[in-house]
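Each reported figure results from applying straightforward, stated rules to the coordinates on display, with no laboratory input. Keep in mind it's a predicted model, so treat the numbers as computed, not measured. Cβ atoms come from the backbone with ideal geometry, glycine included; neighbour counts cover every protein chain shown.
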Amino acid sequence: MTERLPLWRTLSGFAVLGSLVAVLLSLLPVYIGNYQLTQFIRGLAAEPNVASVAEDTLRPRILERARQLALPVTAADVQISHEGARLRLQAKYKVQKDLGLAHVDLHFHPEAASR
């Protein structure tokens, strides 16, 4: 015969699972925003003749997209470098989330290079 778990154990299990789901749901928008910013940066790097475009043109485009996605990217977080005929775009930034009992720092590094 099988024994039933005490009610407190069942409730505790659901509380732990509920807490994990709540944490995942609170972090999900940040990860989706980072994915969208990464895709935008890759699209910029894939544009024809992007290596000849001035940094003063690319950086504001990246910052504007990050602002639209509510990501805390600053001008200092965006690095644009030329490696021969290739252009490398990087954005290194940190998102701080307060989860009530814990404080989490999420570090992101989307990057792309032209061909």
| field | Of LEU11, LEU27, LEU37, the one that fluctuates the most in a GNM where the chain has Cα springs shorter than 10 Å | value | LEU11
| note | Between TYR31 and ASP105, Cβ-based FRET efficiency (R0 22 Å, step 0.05) works out to 0.95
| request: For the range 11-62 and the range 97-115, compute the distance between their C-alpha centroids and round to whole Å. | output: 8 Å
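Restrict the search to the range 3-53; then list the trypsin sites (Lys or Arg not before Pro) that DSSP places in a loop and that have at most 12 other Cβ atoms within 10 Å of their Cβ. Walk me through the intermediate numbers first.
Details: sites: ARG4, ARG9, ARG42; in loops: ARG4.
Passing sites in the range 3-53 are ARG4.
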| field | Cα centre as origin, Lys/Arg/Asp/Glu Cβ charges: the range 28-113 dipole, Debye | value | 100 debye
| field | HN-Hα J in Hz across the range 98-108 - Karplus 6.51, -1.76, 1.60, θ = phi - 60°, x for Gly and Pro | value | 9, 9, x, 8, 9, 10, 10, 10, 9, 9, 10
| remark: With the dipole of the chain defined by +1 on each Lys or Arg Cβ and -1 on each Asp or Glu Cβ, the option from SER12, THR74, LEU89 whose Cα lies farthest towards the positive pole is SER12
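For PHE108, PHE14, which order do you get if you count the other beta carbons within 10 Å of each Cβ and list the fewest first?
Numbers: PHE108 19, PHE14 10.
If I rank by nearby Cβ atoms, fewest first, I get PHE14, PHE108.
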| query | Quick one: helix 7-46 against the long Cα principal axis of the chain, what's the angle to the nearest 10°, folded into 0 to 90? | reply | 10 degrees
| query | How far is helix 55-68 tilted off the main Cα axis of the chain, in degrees rounded to 10, range 0 to 90? | reply | 20 degrees
| query | With no solvent and one point per C-alpha, what does the Debye sum give as log10 I(q)/I(0) for the chain at q = 0.10, 0.14, 0.19, 0.23 Å⁻¹? | reply | -0.44, -0.65, -0.96, -1.22
